[in-house]
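The values are calculated or read from the model by the stated rules, or taken from the named source; none is laboratory data. Because the structure is a prediction, the values reported are computed rather than measured. Here the Cβ positions follow ideal geometry from the backbone for every residue, glycine too, while neighbour counts run over all protein chains shown.
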Amino acid sequence: MLAQKHFSGIGFAFVYTTEKLNSRTMIELKNVEKYHKTGFNKTYVLKNINLTIKQGEFVTIMGPSGVGKSTLLNIVGLLEPPTDGEYLFNRQPVHKFNERQRADFHKNFVGFVFQAYHLIDELTVYENIETPLLYRKDIPAKERKSLVAELLDRFQIVAKKDLFPEQLSGGQQQLVGIARAIIGKPKLLLADEPTGNLHSKQGEEIMELFRELNRDGMTIVQVTHAEKNALYGNRVIQLLDGWIEKDVAVTPDMWK
Ligand code: ADP
Ligand code: MG
């Protein structure tokens, strides 16, 4: 009896330390709600969202159009506040952050691929991709140039580097948006339907790239409608009517 107790004690300690080393909680949403006021009514977008994402995860959010996927991603990226609830990032209550702290958070932790690209119209492709690095004191100009060149090359848009966003197709704008989001190797990549406007071959290449980045330690949360894209991650969260309907581990035959 005593021995058993002793061993289970060790077991617990072991589990606890590996847990601490390998799977630190990065994102914790507690009872998050989002509603819009229309007259006297509240229109709920998200209700009672409780969600924990560990560092190093690659999570896919799915669900019908209008269900709140972009809203959830925006909340995680501190682009819009929840109406209610708490958000801890690396144990910090980031829902209480002021504008300055939010700007630091964006600069230091997050890359965002927007559903509608949100490129800067007045900047060229090259300059758009370069933007996040301009805030980084640790990356000298020479390295900045080579990082941009590398991505232009990888995404096969070298010939477009001096064009402006309005001169590009939707797919090309999407690629530029992705390049801009990952160039600074953010700890957290939030990608809202990142392959929605790409050809299937390009889409696959982007997913391969995300897998590589994730293996190198980047935490990724993506929104997608494509079941095959979800297979690149480790977990799928299905939203329905503003709730988390399903939160399951990815298995190779999950869509069969
Ligand atoms: P998804 O990305 O899953 O398609 P969104 O997060 O973009 O969904 O939108 C969720 C819901 O929130 C939609 O039904 C949308 O109409 C609603 N919504 C977004 N912004 C507002 C707003 N300012 N006022 C009222 N409803 C809004
Ligand atoms: Mg959306």
Out of the residues in the stretch 46-55 meeting the condition of being surrounded by fewer than 18 Cβ atoms within 10 Å (Cβ to Cβ) and of a type outside the set (S, T, N, Q), tell me which one is nearest to ligand 1 (Cβ to nearest atom). Lys47
Return the residue satisfying two criteria in turn: it lies in the stretch 79-105 and is touching a Phe, Trp or Tyr at 6+ places or on another chain (Cβ under 8 Å) and under 11 Å from Ile27 (Cβ atoms), and of such residues it is surrounded by the fewest Cβ atoms within 10 Å (Cβ to Cβ). Val94
Look at the stretch 161-192 and say how many of its residues are surrounded by fewer than 21 Cβ atoms within 10 Å (Cβ to Cβ), closer than 24 Å to Glu122 by Cα and charged (D, E, K, R). 3
Within the stretch 18-35, how many residues turn out to be assigned to a strand (DSSP E or B) and either more than 16 Å from ligand 2 (Cβ to nearest atom) or at pLDDT below 95 (or both)? 10
Single residue of the stretch 68-122 satisfying the filter (aromatic (Phe, Trp, Tyr), part of a loop (DSSP other than H, G, I, E, B) and more than 12 Å from the chain's Cα centre (by Cα)) that is nearest to ligand 1 (Cβ to nearest atom): Tyr117
Every listed condition ((1) touching a Lys or Arg at 6+ places or on another chain (Cβ under 7 Å); (2) at positive phi) holds for Glu193 save (1)
Cross-chain or 6+ apart pairs with Cβ under 6 Å, the stretch 67-93 first and at pLDDT 95 or above and within 16 Å of ligand 2 (Cβ to nearest atom), then among the charged types (D, E, K, R) and assigned to a strand (DSSP E or B): Ser70/Asp192; Thr71/Lys34; Leu73/Asp192
Please verify whether the stretch 175-184 includes one or more residues that are at positive phi and within 16 Å of ligand 2 (Cβ to nearest atom). no
